[in-house]
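Before any comments, here is the structure.
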């Protein structure tokens, strides 16, 4: 039995307000993408799906989407592999300077994006990586790495290393132990790291703006260009699809992890 | 047993083939030889120059208080810790530099260390897969291992669905399924309650008898060591104080530490002088006789409680018997026996155990005479450090 309390009601009201504050600006984009008029007026007066048709019909938008997906998937693979290795080193190595190594690796989270972007740009100019797929993957991997290292490090710290001794006693060498015991048990951490890597790369704007070229643009860069040059609701369609894609990914991952931990 | 019949640690009836003595996983045990083995961490010696031979098929227990080096020794044998000095041989072959996964020993850990993401059968299959054993043969071996630990119907369960005792039996099955010639166990029953522990001790003893594998077992529980072992190595401060069968350690302890660690005893301290047929030790202004002799004069006489008898104060000791006046300070009735706690004139404690049916009518507060055969006095060099460990 719960009795009504003013304190509880106030708390709920406050939570609802904060939630709305966070979500509403994002959700406004979705009705906006179905507007019938070529303006970003809210609320729309008429409805249509023409901006979606425009998005999928325009080669510039489609190639930006394709580039973004390519970069994000490559970053996911590279950052997850590197981040897992780094997390293993950070949790297990017995050398001096681990704290400094960890700090360096997490720096991209703290250093302002513009600073990082300018540095990356000047180095990439010299190495002729501006506007290249490899350049995007490298730059985004640096940005994604902290988001991979953090959850995997947390998983590894909670991992019972006696299981590795047990595996060794049963005849498993180092790599086999990692593959058959350690990795399956820290998989939820690795999966959430991979997810963060994908999302980090997929919606990165600042660094991408610097290292883009007219021939190779990611979706957020194309959106930024679009919103600065023309007020075309195609951007709202693109944004809506990004929202749907990323929330679906996150929900799917949460569901997957919850199910796994119930099985375990 | 159906899978729905969940009866945690229901004691299964002995398997029909128990007694035939033949187990599909039986093999020959290996001989283990430790020589001058040490493990130092900076200035601290966790294991300090120990030498020990474990015979093929023997059940050797490493017994000692926590921090005495017994687990480190086990970890050196398993290959989890490398020795800083000394040699380790299995069947004559030096293996100090062989990595753990190539030593082919079974290890059972205190906290089971079952793989939580694998079922019981998959856990037991793990070492078989590492050895490239085919699926059909794997199934046979898994069955044999599960039968050995009486968990035949539990193959499809996950470890978390089993009780502690069942998990530990799965851990044993996993460690014996590939027929290792050495089985190492690190306080495997330490996390279980007393009743379950007593029963699993007997199970371990049975499995040892069935398999013929060499067992090295670490425990701090002296009772467990007595129940299980062929021989016991008593550890203290990284060294081995004495190695021997349980009766040997109990009746003829080599050091005061062993006497105090294994079983109960009364310790009488004093100056020893040599006599014609042994030594005499001055205790409470009386001469206590013993057939033993030691170097030096600071001596301790150890007498087991069942060797002591309580007599009236005016009792005259027969020749060849020792006697000391004492006051009864407490009595503990244990059913099959009774323990009497006494105080000697100098205040030091003494302990007497009387078997049921042979109880004296002594009561708390009585002034009595404590007597025992001179031959039951074990003479040892006094070791002042020992008190610190036990009090």
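The values are calculated or read from the model by the stated rules, or taken from the named source; none is laboratory data. Since the structure is predicted, the reported quantities are computational estimates derived from the model, not experimental observations. With ideal geometry, Cβ positions are generated from the backbone for all residues, glycine too; neighbour counts draw on all protein chains shown.
Residue by residue, here is whether (1) surrounded by fewer than 22 Cβ atoms within 10 Å (Cβ to Cβ); (2) within 14 Å of another protein chain (Cβ to nearest Cβ); (3) modelled with pLDDT of 90 or more holds:
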site	(1), (2), (3)
A:178	yes, yes, yes
A:181	no, yes, yes
A:201	no, no, yes
A:206	yes, no, yes
A:218	no, no, yes
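Residue under question is residue B:53, and the condition is that it be assigned to a strand (DSSP E or B) and within 12 Å of chain A (Cβ to nearest Cβ); does it hold? Against the criterion (assigned to a strand (DSSP E or B) and within 12 Å of chain A (Cβ to nearest Cβ)), residue B:53 does not qualify.
Among residues of segment B:329-345 that are without any contact (Cβ under 8 Å) to a residue 24 or more places away in the chain, those with a Cβ under 6 angstrom from a residue that is assigned to a loop (DSSP other than H, G, I, E, B) and surrounded by 13 or more Cβ atoms within 10 Å (Cβ to Cβ), sequence gap 6+ or separate chain, pair up as B:338/B:359. Residues in segment B:245-271 that are crowded, with 18+ Cβ neighbours inside 10 Å and closer than 18 Å to residue B:60 by Cα: B:246, B:249, B:250, B:253, B:258, B:261, B:262. Selection within segment B:77-89: residues that are surrounded by 16 or more Cβ atoms within 10 Å (Cβ to Cβ) and part of a loop (DSSP other than H, G, I, E, B). The member of this set that is farthest from the other protein chains (Cβ to nearest Cβ) is B:83.
Residue-wise test of (1) over 32 Å from the mean Cα position of the chain (by Cα); (2) exposed (fewer than 15 other Cβ atoms within 10 Å of the Cβ).
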residue	(1), (2)
B:280	yes, no
B:288	no, no
B:301	no, no
B:333	no, yes
B:344	no, no
B:351	no, no
B:362	yes, no
B:366	yes, no
B:383	no, no
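For segment A:150-158, the criterion of being more than 27 Å from the chain's Cα centre (by Cα), assigned to a loop (DSSP other than H, G, I, E, B), modelled with pLDDT under 95 and within 14 Å of chain B (Cβ to nearest Cβ) is met by none of the residues. Of the residues making up segment A:151-165, those that are touching a residue at least 12 places away in the same chain (Cβ under 8 Å) and under 20 Å from residue B:123 (Cβ atoms) are A:159, A:163, A:164. Taking segment A:163-176, which residues are facing chain B (nearest Cβ under 7 Å), more than 16 Å from residue B:185 (Cβ to Cβ) and buried (at least 19 other Cβ atoms within 10 Å of the Cβ)? Of everything in segment A:163-176, those that are facing chain B (nearest Cβ under 7 Å), more than 16 Å from residue B:185 (Cβ to Cβ) and buried (at least 19 other Cβ atoms within 10 Å of the Cβ) turn out to be A:163, A:168, A:171, A:172.
Of all the residues in segment B:90-139, those that are assigned to a loop (DSSP other than H, G, I, E, B), more than 13 Å from chain A (Cβ to nearest Cβ) and under 20 Å from residue B:57 (Cα atoms) number 3. Tallying residues that are touching a residue at least 12 places away in the same chain (Cβ under 8 Å), within 18 Å of residue A:224 (Cα to Cα) and touching a helix residue (DSSP H, G or I) at 6+ places or on another chain (Cβ under 9 Å) within segment A:39-62 yields 8.
Among the residues of segment A:170-189, which ones are touching a helix residue (DSSP H, G or I) at 6+ places or on another chain (Cβ under 6 Å) and part of a helix (DSSP H, G or I)? A:177, A:181, A:186, A:188, A:189, listed by residue number. Residue A:76 meets the stated requirement of being at pLDDT 90 or above, closer than 20 Å to residue A:190 by Cα and surrounded by 12 or more Cβ atoms within 10 Å (Cβ to Cβ). Annotation note: of A:95, A:130, A:111, the sole residue that is in contact with a strand residue (DSSP E or B) (Cβ under 7 Å, 6 or more places away or on another chain) and in a loop (DSSP other than H, G, I, E, B) is A:130.
Going through (1) out of contact with any strand residue (DSSP E or B) (no Cβ under 7 Å at 6 or more places or on another chain); (2) under 21 Å from residue B:241 (Cα atoms); (3) in contact (Cβ under 8 Å) with a residue 24 or more places away in the chain one by one, residue B:348 falls short only on (2). Can you tell me which residues in segment B:157-197 are more than 14 Å from chain A (Cβ to nearest Cβ), assigned to a helix (DSSP H, G or I) and either crowded, with 19+ Cβ neighbours inside 10 Å or in contact (Cβ under 8 Å) with a residue 12 or more places away in the chain (or both)? Hits for segment B:157-197 are B:164, B:165, B:166, B:169, B:196, B:197.
Candidates B:210, B:241, B:223: the one that is part of a helix (DSSP H, G or I), assigned by TED's automatic domain parsing to the domain that holds residue B:40 and under 30 Å from residue B:294 (Cα atoms) is B:223. Of (1) in contact (Cβ under 8 Å) with a residue 40 or more places away in the chain; (2) within 14 Å of chain A (Cβ to nearest Cβ); (3) touching a helix residue (DSSP H, G or I) at 6+ places or on another chain (Cβ under 8 Å), residue B:148 satisfies all except one. Which? Unmet for residue B:148, out of (1) in contact (Cβ under 8 Å) with a residue 40 or more places away in the chain; (2) within 14 Å of chain A (Cβ to nearest Cβ); (3) touching a helix residue (DSSP H, G or I) at 6+ places or on another chain (Cβ under 8 Å): (2).
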